[in-house]
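Colleague: First the structure, which I've put down as structure tokens, then a few questions once you've had a look.
The values are calculated or read from the model by the stated rules, or taken from the named source; none is laboratory data. The structure displayed is predicted, hence computed values, not measured ones. For neighbour counting, all protein chains shown are included, and Cβ atoms are generated from backbone atoms with ideal geometry for every residue, glycine included.
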């Protein structure tokens, strides 16, 4: 009985450590790659202005829910500015930052 209680307590205690790495695993997201100066806020959602021609060099990814993410490796996004794409990415430790591993579409 003591062993079972110990095992249950150990399993519950280890739970946060088992899932701690999930935040930084690879995932797929759909959205628009945009220059930061071309982002427009509308009703708490961000959108990329297609007529904007700014090129500050600061690339962001706007997901389908309207959340803006900074892109850690903007060179990968060349040729995709202003386009809706599907990306394979990894969320970084720094909040609201993505590392884009691949772009599809």
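Colleague: Residue by residue through the range 43-80, note down the ones that are in a strand (DSSP E or B) and either without any contact (Cβ under 8 Å) to a residue 24 or more places away in the chain or touching a helix residue (DSSP H, G or I) at 6+ places or on another chain (Cβ under 9 Å) (or both).
Modeller: Result: 45, 46, 47, 48, 59, 60, 61, 68, 70, 71.
Colleague: Identify, please: which residue in the range 74-105 is more than 22 Å from residue 40 (Cα to Cα) and surrounded by fewer than 13 Cβ atoms within 10 Å (Cβ to Cβ) and is, among those, modelled with the lowest pLDDT?
Modeller: Top of the filtered list is 105.
Colleague: Hey, among 77, 89, which residue is over 11 Å from residue 31 (Cβ atoms) and within 16 Å of the chain's Cα centre (by Cα)? Please lay out each step first, then the result.
Modeller: Details: 89 fails: over 11 Å from residue 31 (Cβ atoms).
Going through 77, 89 in turn, the sole match is 77.
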